[in-house]
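> Here it is, the structure, as structure tokens.
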Amino acid sequence: MQLQRTYDNWDAVKDASGTPSSRKRQVWREVLQTRPAIMYWGDSWFSTPLYKNLYWNSFARITGISLRQGGPGLTAAKLLTPTACRDQAERLKSREFDLVCLSIGGNDALADRLQAIFAGAGRMDATQAFERLVDAGTFDTLRKRYANALNTLGTVGGNFRVVGHGYAPLQKIGEAGATSIKNLGLLSPLIGNVGPWLWPPMKDVLGSKDEAKRFADLLLVRGFRDQVLIPSRDAFSGLFSFADFSAVTEATDPTFWYDEIHPTEAGFGVLSAHFNTAIRAALPAAKRAAVG
């Protein structure tokens, strides 16, 4: 019996791993002695259909088993509900997963959610806009959602760990990502372009793309890292860690980016090396060699 490397739903995982006393479960456990089982749970950075994303690039470097959950455009509010976290924790424990990778939270202050915060606002600079965002409780809410999720995922116990990631400084403010038959197949004519998600709601508020870039750095790079990821790491030391993409030098080149928010396939490849360093460090010593 040979296990798949990748799965996209729990039913397939349950079938592959069998019941606790089955031959399937014996094979599952033998494989996991030196290789990790990792669930990638998140939004479009893990699941964009446009090209090989962060999940694909990350797990391509890993010998083990993966399960992908989530979907494009999803927020922490939709992904990290108490019921979803409880169900995921129970399943992860029963199938002896080693780790969950989170790509969650970047969408919670973009598009219509950003529009709602700045509805009726006058012109302001990036610092003032960021302060308004903080005062609106955006990061407080995200931090609480992470805390609730990590409290629940912590019940998996043992050597189980959770790894998140931050964001790199955006370089294509206001630019949509062109689609084609190559990256979306026959769906391309129906979808057209993707994005942008930050510039339209902030154009009249900030007035220039330079100021919008400053705001994006405050929001996605510094704000999310300093007000969500670092406090979560400190509060859940030993369970949660994250990859910090803020100083990835390649990301300063506009060609690194596909659109306003997403790196290109090659860009995700660069980030995956940093991401996998965090994954490797979080795994038990016997499984670290499986992560390239």
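> Answer yes or no: is there a residue in the range 173-194 that is more than 23 Å from the chain's Cα centre (by Cα), modelled with pLDDT of 95 or more and more than 22 Å from Leu271 (Cβ to Cβ).
Taking every residue of the range 173-194 in turn, none turns out to be more than 23 Å from the chain's Cα centre (by Cα), modelled with pLDDT of 95 or more and more than 22 Å from Leu271 (Cβ to Cβ).
> Related question: Given the condition in a loop (DSSP other than H, G, I, E, B) and over 21 Å from the mean Cα position of the chain (by Cα), answer yes or no: does some residue in the range 128-135 qualify?
Initially, the range 128-135 is screened for residues in a loop (DSSP other than H, G, I, E, B), giving none.
No, the range 128-135 contains no residue that is in a loop (DSSP other than H, G, I, E, B) and over 21 Å from the mean Cα position of the chain (by Cα).
> Right, something else. Out of the residues in the range 74-93 that are touching a residue at least 40 places away in the same chain (Cβ under 8 Å) and either of a type in the set (Phe, Trp, Tyr) or within 11 Å of Gly105 (Cβ to Cβ) (or both), state the one that is surrounded by the fewest Cβ atoms within 10 Å (Cβ to Cβ).
Of the range 74-93, the ones touching a residue at least 40 places away in the same chain (Cβ under 8 Å) are 76-77, 80, 82, 85-86, 88-89, 91-93.
From the residues that got through so far, the ones that are either of a type in the set (Phe, Trp, Tyr) or within 11 Å of Gly105 (Cβ to Cβ) (or both) too are 76-77, 80.
Numbers: Ala76: 24, Ala77: 15, Leu80: 25.
In this case the residue turns out to be Ala77.
> When you scan the range 83-99, do you find a residue that is assigned to a strand (DSSP E or B) and not hydroxyl-bearing (Ser, Thr, Tyr), even just one? Quick ask: steps written out before the conclusion?
Let us first name the residues in the range 83-99 that are assigned to a strand (DSSP E or B), namely 99.
The next check asks that each one be not hydroxyl-bearing (Ser, Thr, Tyr); those that pass are 99.
Looking for residues that are assigned to a strand (DSSP E or B) and not hydroxyl-bearing (Ser, Thr, Tyr), one finds at least one in the range 83-99, hence yes.
> Here's another thing I want to ask about it. Do you know which residues across the range 27-52 are within 18 Å of Val194 (Cα to Cα) and not in a loop (DSSP other than H, G, I, E, B)?
Of the residues in the range 27-52, the ones within 18 Å of Val194 (Cα to Cα) are 43-52.
The answer is Ser44, Trp45, Phe46, Ser47.
> Need pairs with beta-carbon distance below 7 Å; first residue farther than 15 Å from His274 by Cβ and within the range 49-61, second surrounded by fewer than 20 Cβ atoms within 10 Å (Cβ to Cβ) and charged (D, E, K, R); sequence gap 6+ or separate chains.
Filtered contacts from the range 49-61: Tyr51/Glu265; Lys52/Glu265.
> Okay, moving on. Looking only at the range 154-168, decide whether some residue is buried (at least 20 other Cβ atoms within 10 Å of the Cβ), among the basic types (Lys, Arg) and within 20 Å of the chain's Cα centre (by Cα).
Looking for residues that are buried (at least 20 other Cβ atoms within 10 Å of the Cβ), among the basic types (Lys, Arg) and within 20 Å of the chain's Cα centre (by Cα), one finds at least one in the range 154-168, hence yes.
> Which of the numbered conditions does Asn159 fail, given that it passes all the others? Conditions: (1) outside any helix (DSSP H, G or I); (2) modelled with pLDDT under 95.
For Asn159, the failing item is (2).
> Output the qualifying pairs, or none if there are none: Cβ atoms under 7 angstrom, residues six or more apart or on different chains, first residue in the range 260-273 and in contact (Cβ under 8 Å) with a residue 60 or more places away in the chain, second residue charged (D, E, K, R) and surrounded by fewer than 23 Cβ atoms within 10 Å (Cβ to Cβ).
Glu260/Lys172; Glu260/Glu175; Glu265/Lys52; Phe268/Lys52; Ser272/Arg61
> Turning to a different aspect of this structure: Considering each of Phe224, Phe245 in turn, give the residue that is among the hydrophobic types (A, V, I, L, M, F, W, C) and assigned to a helix (DSSP H, G or I).
Working: Phe245 fails: assigned to a helix (DSSP H, G or I).
Matching residue, one of Phe224, Phe245: Phe224.
> Answer yes or no as to whether Ser246 is in contact (Cβ under 8 Å) with a residue 24 or more places away in the chain and either surrounded by 18 or more Cβ atoms within 10 Å (Cβ to Cβ) or in contact with a Lys or Arg (Cβ under 6 Å, 6 or more places away or on another chain) (or both). Before the answer, list the steps.
On the way: in contact (Cβ under 8 Å) with a residue 24 or more places away in the chain: yes; either surrounded by 18 or more Cβ atoms within 10 Å (Cβ to Cβ) or in contact with a Lys or Arg (Cβ under 6 Å, 6 or more places away or on another chain) (or both): no.
When the stated conditions are applied, Ser246 does not pass them.
The values are calculated or read from the model by the stated rules, or taken from the named source; none is laboratory data. Here the structure is a predicted model, which is why all the values come from computation and not from measurement. Cβ sites come from the backbone with ideal geometry, for glycine too, and all protein chains shown count toward neighbours.
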